[in-house]
Amino acid sequence: MDEDRKPVILIAEDVESNFLYLNAVLSKLKTEILWAKNGKEVIELCKQRSDINLILMDLQMPEVNGYDATREIKNLFPNLPIIAQTAFAMSDDRAKALDAGCDDYLAKPIKSKDLLSMVEKYLAL
């Protein structure tokens, strides 16, 4: 990665308080944060911005859910890491997220330590 450029993280999250929390935690890292409020916006942003390095994907979003958005993004950008995040932590959610193409999974409420270590793992910070 170019030393002068900050990694770009796209947060796909329809609940503003959840976005604000994730943004606050990630502000500890030197990254640029983008926000998409539904799956359709996530897909459009990925098409517009080739510099996105990581997506935090809420699975339960309006218009296009996170599973479908992940499938479409992975078809276009197979190497773009996507971390699923969901409050609906049923036993099969993790498997469904990984089957849809997510690279990893965080269950809400997300602990800041877990989020930072996972983001650092994918961005090699």
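The values are calculated or read from the model by the stated rules, or taken from the named source; none is laboratory data. Everything quoted here is computed from the prediction, not taken from an experiment. Here the Cβ is made from the backbone with ideal geometry for all residues, glycine too, and neighbour counts use every protein chain on show.
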Notebook entry, point to check: Which of the residues that make up region 23-64 are within 24 Å of D92 (Cβ to Cβ) and either surrounded by 18 or more Cβ atoms within 10 Å (Cβ to Cβ) or of a type outside the set (S, T, N, Q) (or both)?
Noted result: N38, G39, V42, I55, L56, M57, D58, L59, M61, P62, E63, V64
Next item on the list: Tell me, yes or no, whether region 43-55 has at least one residue that is out of contact with any strand residue (DSSP E or B) (no Cβ under 6 Å at 6 or more places or on another chain), more than 12 Å from A12 (Cβ to Cβ) and of a type in the set (S, T, Y).
Entry: yes
Notebook entry, point to check: Here is a list of conditions, (1) within 14 Å of I110 (Cα to Cα); (2) of a type in the set (G, A, S); (3) touching a Ser or Thr at 6+ places or on another chain (Cβ under 9 Å), and G39 meets all of them except one; can you say which number that is?
Noted result: (1)
Notebook entry, point to check: Restricting the first residue to region 89-118 and requiring it to be without any contact (Cβ under 8 Å) to a residue 60 or more places away in the chain and closer than 19 Å to I73 by Cβ, which pairs with a second residue that is part of a loop (DSSP other than H, G, I, E, B) and hydrophobic (A, V, I, L, M, F, W, C) meet a Cβ separation below 7 Å and a spacing of at least six or different chains?
Noted result: A97/L59
Next item on the list: Scan region 33-56 and give yes if some residue there is within 14 Å of the chain's Cα centre (by Cα) and at pLDDT below 95, otherwise no.
Entry: no
Check: Which condition breaks for G66 when tested against (1) in contact (Cβ under 8 Å) with a residue 60 or more places away in the chain; (2) touching a Leu at 6+ places or on another chain (Cβ under 7 Å)?
Finding: (1)
Next item on the list: Output the residues belonging to region 1-42 that are among the polar types (S, T, N, Q), assigned to a loop (DSSP other than H, G, I, E, B) and out of contact with any strand residue (DSSP E or B) (no Cβ under 6 Å at 6 or more places or on another chain).
Entry: S27, N38
